[in-house]
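These notes concern the structure reproduced below.
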Amino acid sequence: MIFSTPAPYSENRLSEMLARNAQWAGQITAQDPDYFKRLSAGQSPAFTVISCCDSRADPNTLLQSNLGELFVYKNVANQAGLNDLSLQTAIQFSIDSLKVKHILVFGHHNCGGVRIALGLHAGGAPGDWLEGVRELAHDHQLFNPASPEQANRNVDKLCELNVIQQVRLAALSPAVNAAWGRGEPVAVGGLVYSLSTGRVIDLDCTIRSRAEIDERCFSAMKAICARYQ
């Protein structure tokens, strides 16, 4: 399937999208009359995905997954805050009710939230939503780049570092640790999507126990820093 550049908004856009939906549903039903009946019977996703709201970085599309395969939670800059009640509820529901065994933080390059945190983009997130990203940028000396090219590299570097930071937080979530305490094999990992190539990259930071958190995150961040030297 070849994707076209989205057309500008018009009053007819919603009607056009609904017409495409009707066509798609008809095609699916023609190929498999019981598809939606099976889908409506329940879900059993393989992964919980914490992703960014960016309209260009949809995990289902980029990973070519089927409906029901990914349990997706979105927010600005794919944050996994321990104080985010909505996210923590989603993680607990996915582990306890859906029996998901693998959580993924799904970031992307040139993230608008990361650009806001670096002061390169106006507007955006309320309050201190991006404070952790700003602190990460400060720790890695990513402010005040020497050139526009360096600024863009810093954005992508911070996008990847932010994924690792959120993997760490997701691994510290109460639901994940409760699952580990019960002996359940839950894994937490991180991916980043390159807008310029279309490829999704595994950041090699998968954590399978609380004891691995510091070592895996440090190793992954070290590898990112080496790659962006």
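Throughout, read-outs are computed from the coordinates displayed, never taken from laboratory work. The structure presented is a predicted model; accordingly, all values stated were derived computationally and were not measured. Glycine gets a Cβ as well: all are built from the backbone with ideal geometry, and neighbour counts include every protein chain shown.
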Practice prompt. Give the calculated FRET efficiency between K37 and N177 to the nearest 0.05, with a Förster radius of 41 Å applied to their Cβ-Cβ distance.
Written response: 0.60
Worksheet item: Could you state the per residue volume, in Å³, of the convex hull enclosing the Cα atoms of the chain?
Response: 152
Worksheet item: Between the range 1-80 and the range 204-224, how many Å separate their Cα centres?
Response: 31
Worksheet item: Name the trypsin sites (Lys or Arg not before Pro) in the range 136-229 that are in a loop by DSSP and that have at most 10 other C-beta atoms within 10 Å, would you?
Response: R182, R199
Worksheet item: In nanometres, what is the gap between the two model label sites at T61 and L120, each 7 Å from Cα along Cα-to-Cβ?
Response: 2.2
Discussion item. I need two numbers for the range 158-201: Rg to one decimal and Dmax as a whole number, Cα atoms only, in Å.
Written reply: 13.4, 42
Discussion item. If you filter the range 2-59 for chymotrypsin sites (Phe, Trp or Tyr not before Pro), then keep DSSP loop positions with at most 12 other Cβ within 10 Å, what is left?
Written reply: F3, Y9
Practice prompt. Work out the charge dipole of the range 44-227 with +1 on the Cβ of Lys and Arg and -1 on the Cβ of Asp and Glu about the Cα centre, then indicate which of C159, S65, N110 is farthest towards its positive end.
Written response: S65
Worksheet item: H138 to F218: FRET efficiency via 1/(1 + (r/R0)^6), r the Cβ-Cβ distance, R0 25 Å, to the nearest 0.05?
Response: 0.90
Response to the item:
Percent antiparallel among DSSP beta bridges confined to the range 44-227, nearest 5, equals 20
Worksheet item: Using a cut-off of 23 Å between alpha-carbon atoms, which lysines can reach K99, once sequence neighbours fewer than 8 places away in the same chain are excluded?
Response: K37, K74
Worksheet entry | Cβ charges +1 (Lys, Arg) and -1 (Asp, Glu), total dipole of the range 44-227, debye | 200
Discussion item. What is the sum of charges, Lys and Arg at +1 and Asp and Glu at -1, for the other residues whose Cβ falls under 15 Å from the Cβ of L130?
Written reply: -4
Worksheet entry | Two-site label geometry, A19 and N152: point separation in nm, points 7 Å out along Cα→Cβ | 3.8
